[in-house]
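*Asks:* Here you go, one structure.
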Amino acid sequence: MFTRTLKTAALATLVVVATAGASMAAQYAWVDYDANVKKKHHNISQTVNQVWEGQKVKIIGQWNNWYKIQVPGPDGWVKAGVLDFAPFPGPFPGYGYGGGSFCVNGQNAQFCLSAGY
């Protein structure tokens, strides 16, 4: 009985570890139009960077309708409407992301991870 329970636990652990790598892959989006990148997820927050139409950005966090992005220079926050999550937006065929994603709600933000490529 104990051996069977141990085998079941080991198998469950293996499944979690095997799927964790795929779910930890980054999620990317395309910038729909030029926009300011804010230090915090508020309109009145200090502008720390800019993004340009057609730029590919890495999503590293989410808070309501704001996304924290990683870009060259200081990272920061943009409103959701600035971003396009379509796999192949506009004139950029062959780029994008795929797979599923999951989100974790934290005290100060919601972080989403995706199995992308």
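*Asks:* Tell me, please, whether a residue that is in a strand (DSSP E or B), under 16 Å from the mean Cα position of the chain (by Cα), surrounded by 16 or more Cβ atoms within 10 Å (Cβ to Cβ) and hydrophobic (A, V, I, L, M, F, W, C) can be found in region 38-56.
*Replies:* no
*Asks:* Checking Gly96 against (1) modelled with pLDDT under 95; (2) touching a strand residue (DSSP E or B) at 6+ places or on another chain (Cβ under 6 Å); (3) surrounded by 13 or more Cβ atoms within 10 Å (Cβ to Cβ), which test does it fail?
*Replies:* Unmet for Gly96, out of (1) modelled with pLDDT under 95; (2) touching a strand residue (DSSP E or B) at 6+ places or on another chain (Cβ under 6 Å); (3) surrounded by 13 or more Cβ atoms within 10 Å (Cβ to Cβ): (2).
The values are calculated or read from the model by the stated rules, or taken from the named source; none is laboratory data. All values derive from a computational prediction rather than experimental measurement. Please note: Cβ atoms are built from the backbone with ideal geometry, for glycine as well, and neighbour counts cover all protein chains shown.
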